[in-house]
Amino acid sequence: MPDTKHVHNLGHKKEARQQLRNSATPAEALLWRGLQRSQLAGRKFRRQQSIGPYIVDFYCPSEKLVVELDGAAHYTASGGAYDTDRTAYLNSLGLRVLRFENWLVLQQPDNVLLLFGRRSCQRPMTGKRPDQPPLAPPQLRRRTNP
């Protein structure tokens, strides 16, 4: 498994992480209430963790698990392409990515946590060799509003 310590919580992203924590969506706030203080099977989660060029919604270091909550912007052509690149980069670091739609978290938070707990305990084989180097961080382009 590649060493990823050099890509976590980079100093130049601190302000952006704080801003995201202070302006959480209702779905993020609700899920965080179920994850904070190691409530899910004793696993510690961090919210708005930077990993390489990205800031992920939630991250569990012990499980190498990223959890993303997806709103409407993720279902556009550019949003989908961005998510695909982002997931490929995170997977190349040996991280698993789980995605949930915001509406599902808001309507069925307990079911999401149950599913989430089951999935986080299972580390499926990805077929990726542990000695493969991670992908280079993609060159990010600023998103422009149409």
- Item | Of all residues in the stretch 79-137 being part of a loop (DSSP other than H, G, I, E, B) and at pLDDT 90 or above, the one that is farthest from the chain's Cα centre (by Cα) | Gln108
- Message: Taking the condition of being modelled with pLDDT under 90 and either closer than 14 Å to Val66 by Cβ or in a helix (DSSP H, G or I) (or both), how many residues in the stretch 20-39 meet it?
- Response: 8
- Kindly indicate whether Ala16 is modelled with pLDDT under 75, aliphatic (A, V, I, L, M) and assigned to a helix (DSSP H, G or I). yes
- Message: With out of contact with any Lys or Arg (no Cβ under 7 Å at 6 or more places or on another chain), of a type outside the set (A, V, I, L, M), at pLDDT 75 or above and exposed (fewer than 11 other Cβ atoms within 10 Å of the Cβ) as the only criterion, which of Gly71, Gly42 stands out?
- Response: Gly42
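The values are calculated or read from the model by the stated rules, or taken from the named source; none is laboratory data. Keep in mind that this is a model prediction, so the values were computed, not measured. Note: ideal-geometry Cβ built from the backbone for every residue, glycine included; neighbour counts use all protein chains shown.
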